[in-house]
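Data first, discussion second: the structure below is written as structure tokens.
The values are calculated or read from the model by the stated rules, or taken from the named source; none is laboratory data. Every value quoted in this text rests on a predicted model; they were computed, and no experiment measured them. As a convention, Cβ positions derive from the backbone with ideal geometry for all residues, glycine included, and neighbour counts pool all protein chains shown. These area figures cover heavy atoms from the full protein model, side chains too; ligands, DNA and RNA do not enter into them. Shrake-Rupley method; radii C 1.70, N 1.55, O 1.52, S 1.80 Å.
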Amino acid sequence: VLGVLGELAALVGPGPGRPAAPRVLAERPDATLVRVGAVVAKAHAPDTDAVALAARLRVAAHPALTGILLPPVEPAAVRPLRGGRPATLWPYGTPIDPDVDELPWAAAGALLALLHAVDPAALGTGPLPAAGGPARAAETVAALRAAPGAGTPDERRAVERVLAGAPDLGSRRTLCHGDFHFGQLVTDPAHGGGLLLIDVDDLGLGDPAWDLARPAAWYAAGLVPEADWRRFLAGYGVAEPWPGWLDGPARALTAQLAARALLSSRPLTGEGAAFVDSCRRIEALS
């Protein structure tokens, strides 16, 4: 009986230039990725809404997203695995090296601006689900609340208060990635060699500020130099050093990243400690 890895490899099937042995790129509860030659098969989380995923897949395959999202392998379809998990097929894209001296901040901002400029109503792909950012932040902090041994009472209180005190979200609704960070960027020579966004699991309608919120949280925590942050904003088309519409989502993402750090590591790593300290500073200013 084939396991998930074997099923994913079988989905790709034989083809010219494809090695006999598949390569596992990731194996987590929420995603398993197997590469066979130039194709990547992805098993999505067991609780994935297959209907919503199919809608997201149609968007990724639409010509209006050419040069923005990595398109799925045709036919763009959700393929059920034997255990019920939905799977999708994608071309392999070369990830951005996180250790390079200069990440493509301006290009990343420009790519998000292109995504946000796409009119969802003009795609003709049917109703779209909500982008995943706000729900993930709330779920992560809820998980911290349900794990009383994670973090000190002061740390937990600061995270809770930052999420609760984040300003109300705006009414803007555009096409959003839903989980933007540099790990979601690849280059693909087959599609021009420029930057492309991957991972449509949280793609949908939402406030575009949420796509900028994670880099903003990193900047506010002192983990991103100001010059890089300004390049990112300039690429997006914003001249302000901290636009007001970004404040609420950035605070919520700070709380999410701090909660994740408290849930996963003790003692805190440098990055995790930076997000928890950010929550403490925000709490003190509130």
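Looking at 41, 106, which is the one that is assigned to a strand (DSSP E or B), touching a helix residue (DSSP H, G or I) at 6+ places or on another chain (Cβ under 8 Å) and touching a residue at least 24 places away in the same chain (Cβ under 8 Å)?
41
Here are 101, 97: which of them is open to solvent by 20 Å² or more (accessible area, probe 1.4 Å) and under 18 Å from the mean Cα position of the chain (by Cα)?
Result: 97 is the single residue among 101, 97 that is open to solvent by 20 Å² or more (accessible area, probe 1.4 Å) and under 18 Å from the mean Cα position of the chain (by Cα).
Could you check residue 109 against (1) over 30 Å from residue 226 (Cα atoms); (2) open to solvent by less than 30 Å² (accessible area, probe 1.4 Å); (3) modelled with pLDDT of 95 or more; (4) not β-branched (Val, Ile, Thr) and say which number it fails?
(1)
Please enumerate the residues belonging to segment 162-182 that are modelled with pLDDT under 90 and either part of a loop (DSSP other than H, G, I, E, B) or basic (Lys, Arg) (or both). Full working, then the answer.
Filtering segment 162-182 for residues modelled with pLDDT under 90 gives 163-173.
Selection gives 166, 167, 168, 169, 170, 171, 172, 173.
Return the residues of segment 118-134 that are open to solvent by less than 80 Å² (accessible area, probe 1.4 Å) and among the aliphatic types (A, V, I, L, M); say none if nothing qualifies.
118, 122, 123, 128, 130, 131
Looking at residue 149 and the list (1) among the small types (Gly, Ala, Ser); (2) without any contact (Cβ under 8 Å) to a residue 60 or more places away in the chain; (3) out of contact with any helix residue (DSSP H, G or I) (no Cβ under 7 Å at 6 or more places or on another chain); (4) outside any loop (DSSP other than H, G, I, E, B), which single condition is not satisfied?
(4)
Restricting to segment 135-165, what's the tally of residues that are within 22 Å of the chain's Cα centre (by Cα) and buried (at least 21 other Cβ atoms within 10 Å of the Cβ)? First the steps, then the outcome.
Filtering segment 135-165 down to residues within 22 Å of the chain's Cα centre (by Cα) leaves 135-144, 159, 162-163.
Those still in the list that are buried (at least 21 other Cβ atoms within 10 Å of the Cβ) too: 137, 140-141, 144, 159, 162-163.
Number of matching residues: 7.
What number of residues within segment 50-74 are part of a loop (DSSP other than H, G, I, E, B) and of a type outside the set (Gly, Ala, Ser)? Before the answer, list the steps.
Applying the first criterion (part of a loop (DSSP other than H, G, I, E, B)) to segment 50-74 yields 62, 66-68, 70-74.
So of that shortlist, the ones also of a type outside the set (Gly, Ala, Ser) come out as 62, 66, 68, 70-74.
Going through segment 50-74 one residue at a time, the tally reaches 8.
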